[in-house]
Amino acid sequence: MRRPTVQVRKVALNCKLLMGRVLSIDYGQKRVGFAVTDELQICAHALETVHVSQAFDFIKNYISKEKVETIVVGEPKTMNNTLSDAARFIEPFVNRLKKEITTIDIVRFDERFTSKMAQQTLIDAGVNKKTRADKALLDKISATIILQSYLQSKTLNPLAEANGNTNL
């Protein structure tokens, strides 16, 4: 007996191939960590960490080579769900992104605890203390955690983004 789900999967995969990647940004005062999805937007992986002054050049270069559908920028919040002090450094960057890159959706996503989670990920992976002190590595992993959380939130609540709720 033939399973009809095989044909459905092929159609779903063909539609998904038309989608662009999702690029995630962990913006800091000194460095910017980047992560990206695969073409099917299934999994996130670390991409690069650059100096804050090189962030726009990196983004423009990347989106000129790869089809990017959405850019997710970490939004630093406090425990009572208000913006943290770090937001004042990120807002000008996000405003410039929205002004200069009008063809790609820019989404903000809660980044609470991503740095601590990145540090714990390295500890759990058995990475030595010297390597764990590499801030660039932490920034890439933080961007990956932001992106993975964003992807999971879309899976859990696929209508939220369609309804304009970008702070899932």
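Please state the shape class of region 20-162: rounded when a/c is under 1.5, otherwise prolate if a/b exceeds b/c and oblate if not, all from the C-alpha gyration tensor. The partial results should precede the final answer.
Working: a/c = 1.28, a/b = 1.25, b/c = 1.03.
It comes out rounded by the Cα gyration axes.
So if each residue of separation counts as 0.36 nm, and I subtract the Cα-Cα distance between Thr155 and Asp85, what length gain in nm does that give?
22.2 nm
I'd like the antiparallel share, as a percent to the nearest 5, of DSSP beta bridges with both residues in region 20-162.
On the way: 13 of 24 bridges.
Here the share of antiparallel DSSP bridges comes out near 55 percent.
Between Asp105 and residues 5 or more places away or on another chain, which pairs have amide H atoms under 5 Å apart, with H built 1.01 Å from N, and which residues are they?
Residues meeting the criterion, in which the H sits 1.01 Å from N, are Ile71.
Taking other Cβ within 10 Å of each residue's Cβ, how do Val72, Val36 sort, fewest first?
Val36, Val72
What is the sum of charges, Lys and Arg at +1 and Asp and Glu at -1, for the other residues whose Cβ falls under 15 Å from the Cβ of Ile123?
On the way: positive: Lys116, Lys129, Lys130, Arg132; negative: Asp124, Asp134.
Here the charged neighbours net out to +2.
With label points built 7 Å along Cα→Cβ from the Cα atoms of Thr131 and Lys30, find their separation and express it in nm.
2.1
We did not get these values from a lab; they are worked out from the coordinates using the rules stated. All of these numbers come straight from a predicted model, not from anything done at the bench. Here the Cβ is made from the backbone with ideal geometry for all residues, glycine too, and neighbour counts use every protein chain on show.
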